[in-house]
Amino acid sequence: MENEKRYESYVLIHNIAKRHNVGTLARSCTAFGVSELILVGRRDFNAFGSHGSTSHVNFRHFHSLSLAKSFLKERDCDICGVEITDDAVAVNQHPFKRSTAFLLGNEGTGLSAKECEICDFFVYIPQYGCGTASLNVTVAASIVLHHFGVWAGFSERTREGNKFVVAERPTKQERKNYCAETTESIVEERRLKRENTSNGFFDESVKDDSSSNLLDGLFDS
């Protein structure tokens, strides 16, 4: 049996341009023990490249970055931006202190100023060759999540032959390729929204609905 994890990792997805990257991100999340994959904005996603991994990932949805941040802070979780900034630390130095959510930037433009504002610190992935300026977002996520798992002491999954043992497929989500909102998640988001409003943090321009207009901020074509 796997040892109980002292620390948890999360992946926070906002404004990723290519829809199919969510599927490959889900595959990396299952491989490296991510607790939840958090979607901000749009709830639908493309499971291409997941190889069935989306059935083994816990998804959560928030309408805004501020609500996602509140949720993570209640769990004593740092938010780490994966970006080359002036104060970014090389990920192989393992600058982690507690459970961490990793926020990855848009493939073309990286993290926006608004996204950087919610980050507690930044890491970057050192490169040793001269042929590319950056890595694909899913490759970067895999490297960072692996380093966190090593630091956190996650137990290695059991191997059988030349593969790792895959768990029995759990109950599927209500709708394929869609992060459905449960009653619990709706109550949780409304509570966070009330608290943020009372503290002056909530962006009133974000409506509390599920219309397509609200979801246009993610996966630009």
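See the values below:
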| item | result |
| --- | --- |
| Packing rank of 65-73, 91-99, where each peptide gets the mean count of other beta carbons within 10 Å, highest leading | 65-73, 91-99 |
| Total lysine pairs whose alpha carbons fall under 24 Å of each other in region 9-166 (8 or more apart, or interchain) | 7 |
| Region 9-166 - Rg (one decimal) and Dmax (whole number), Cα, Å | 15.0, 46 |
| Heavy-atom SASA rank of Leu135, Leu12 (probe 1.4 Å, accessible area, largest first) | Leu135, Leu12 |
| Residue order for His61, His147 - accessible surface, 1.4 angstrom probe, largest first | His147, His61 |
| 12 Å tail of the calculated P(r), region 57-112, as % of Cα pairs | 73 percent |
| Hydrodynamic radius of region 109-153 per Kirkwood, over alpha carbon pairs, in Å | 12.4 Å |
| With all protein chains modelled, accessible area of Ser134 [1.4 Å, Å²] | 70 Å² |
| Stretch gain in nm, segment Val139-Ala113, where the contour uses 0.36 nm per residue and the Cα spacing is subtracted | 7.1 nm |
| Given charges at beta-carbon only (K, R positive; D, E negative), |dipole| of region 9-166 in Debye | 500 debye |
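The values are calculated or read from the model by the stated rules, or taken from the named source; none is laboratory data. Quick caveat: nothing in here was measured; it's all calculated off a predicted structure. Counting neighbours? That spans all protein chains shown, and the Cβs are built from the backbone with ideal geometry, glycine included. These area figures cover heavy atoms from the full protein model, side chains too; ligands, DNA and RNA do not enter into them. Shrake-Rupley method; radii C 1.70, N 1.55, O 1.52, S 1.80 Å.
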